Amino acid sequence: MNSDDFTPMEQELIKRLQNAPQRRLTPRVEQAIQEKILAEVLQSRLPAPPTNSAGVAITPMQFILGLAAVCVVVVGVVVAIEGQRQQNPPISPAASMETTAPTTEPPSIVTTTSELIETSSSTPSITSSPLLTDTPTSTHTPAPTPTPTVSSVIIEGVIEELSENILKIGDTEIVILAHHPVLELIDVGDVLRVEGTWIADGILLADVVSNLPGAADADATVGMVGPIEFIDEGIITINGIEVIIDPRDLVGQSLSIGDFLSVEGNFKLQGARYLLVVSAVEVITKAGMSVSPDCYYEETGMSAMGMSMGMEGMAMGRWRCNGMGAMGMGMGMGGMGMGN
Amino acid sequence: MDNLTSESQLIAKAKAGDKEAITALYKAYNEAIFHYVSYRVDSQMVAEDITAEVFLRMLRGLQQYEDRGLSFGAWLFKIATNLVREHYRHNRAGYVSALTENERSSDIDPFDQVAQQEEQEQLIRALHALPPDYQDILILRFMKNLSHAEVAAILEKSETAVRSLQHRALKALGEQLGSVGKQRSYLRGNRP
């Protein structure tokens, strides 16, 4: 900048620009972005740091040669499998899963999707080894830009342990992104359905976490009940979780704070924030009316997010309703409300 | 970032998928990138979205990144300027308010905070009234202290063009701030 000849007026403006108030990411958002990046790292095609058994760094050329060798082996295996497929009947989904599951089979693993089977047979390089996707020799290498969405396994079962963002179903440890709002909705004893990818032996990184029974066939993966705590420009807050309802939804247009709702939808990361995008909403009782005794507020103490991020207005608990699923319960209670 | 050597080491590790290196690069640059973006777009939320996207694109493009005269920071700013332009191509809505969700720091005197917010708002209004190139040059050159060469590389212009543009941009900013100042003083009943 010294080489420039600035007039006094320009210098004054430059000083003003240099002293302009610095805007910063809030710690919560900074953390959320960091987690998003690291989640992408986990799922991405970035190769693991290449080292040999002695822990000595391998040169790029050695690494590429190694990859090429692995590629040749895998292509050979695929060709052999394809040949076998043509001779034998198609393998079962369970048999297909064996190749991706860890050695200790969790008792609660129920199934893999047909999508997985199709994927693993048509593009073996994606599922069989993440290293392969970066190899320049593979003609099937997808562009590294999209986040892979193929889940390698689905687990359903009762949560036996839950510690911050790690839960246990059977022998499987399931890791959920640390600030995923679904953590505010689940607890030990809940039945959960998780789609995810193996990141280590017996450890699954959750891509989709569903607290709705039968979510596999539904549009929604998450359901919750509770009163509206805030409404702000189309975003409502229930149980401390931000929920967005389609503005064309007639139910959504007439909501007010205190209305007790049952909602179902999916968490979607919009920028650095998770929003529950609602696919079905039902008003259980309008504000001021008494809520069914089947529904109760469960204290959860300091929320993990609130503690670590110092967030204001974080829910310290959540509403739950005994008995039916969220929407079924909603319909039943709607009838009760009308009766009163 | 202590020095360039450690940065290039970090980049090499990040390319190899080292999470700590990726986190370190993110932590080293997120503030600068967010600062630039937040002065270029309409709302805090959009600025957060774009900042997140900058680092996701960093991750995806890391393998292709090579220091050929464009420093890593400048490369990130280049991604950010492209994303800002993309944002305006898809969303032509005007300036709303960039300050509604701004974080309030508890250790700043409330009066200073109000003064800072006023200054920030005034600058943003004035900047947003300028052509995009002027905004980029003013923010990158003078707020982020990037060199002519770096700004030239980011904006794909010659250094001479950047030197010339910065004077025009400053002049235009001065005019905008002058008019903003007059307008504010009139609204407060202090018209001379």
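The values are calculated or read from the model by the stated rules, or taken from the named source; none is laboratory data. On a predicted model such as this, the values are computed, not experimentally measured, just so you know. Quick reminder, even Gly has a Cβ in these numbers, built from the backbone with ideal geometry, and neighbours come from all protein chains shown. When the accessible area is computed, the model is the full protein with side chains, heavy atoms only, and any ligands, DNA or RNA have been set aside. Shrake-Rupley method; radii C 1.70, N 1.55, O 1.52, S 1.80 Å.
Computed values, structure above
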read-out	value
Matching residues, segment B:116-156, being within 11 Å of another protein chain (Cβ to nearest Cβ) and either outside any helix (DSSP H, G or I) or open to solvent by 40 Å² or more (accessible area, probe 1.4 Å) (or both)	B:Gln116, B:Gln117, B:Glu118, B:Glu119, B:Glu121, B:Lys144, B:Asn145, B:Leu146, B:Ser147
Answer residue from segment B:72-115, given it is open to solvent by 70 Å² or more (accessible area, probe 1.4 Å), more than 26 Å from B:Val151 (Cβ to Cβ) and in a helix (DSSP H, G or I) and is modelled with the lowest pLDDT among those	B:Pro110
Flag if A:Ile257 is outside any strand (DSSP E or B) and in contact with a strand residue (DSSP E or B) (Cβ under 6 Å, 6 or more places away or on another chain)	yes
Qualifying residue in segment B:19-31 (condition: of a type in the set (Asp, Glu), part of a loop (DSSP other than H, G, I, E, B) and either in contact with a Lys or Arg (Cβ under 7 Å, 6 or more places away or on another chain) or within 16 Å of B:Leu62 (Cα to Cα) (or both))	no
Complete set of residues in segment B:28-45 that are open to solvent by 20 Å² or more (accessible area, probe 1.4 Å) and at the interface with another protein chain (Cβ under 8 Å from one of its Cβ atoms)	B:Glu31, B:Met45
Complete set of residues in segment A:251-277 that are charged (D, E, K, R), modelled with pLDDT of 85 or more and open to solvent by 30 Å² or more (accessible area, probe 1.4 Å)	A:Glu264
Residue list for segment A:282-326, filter: modelled with pLDDT of 50 or more and under 25 Å from the mean Cα position of the chain (by Cα)	A:Glu282, A:Glu298, A:Glu299, A:Thr300, A:Gly301, A:Met316, A:Gly317, A:Arg318, A:Trp319, A:Arg320, A:Cys321
Conditions (1) more than 8 Å from chain A (Cβ to nearest Cβ); (2) open to solvent by 50 Å² or more (accessible area, probe 1.4 Å); (3) under 16 Å from the mean Cα position of the chain (by Cα): number failed by B:Glu66	(3)
In segment A:186-200, the residues that are small (Gly, Ala, Ser) and surrounded by 19 or more Cβ atoms within 10 Å (Cβ to Cβ)	A:Gly196
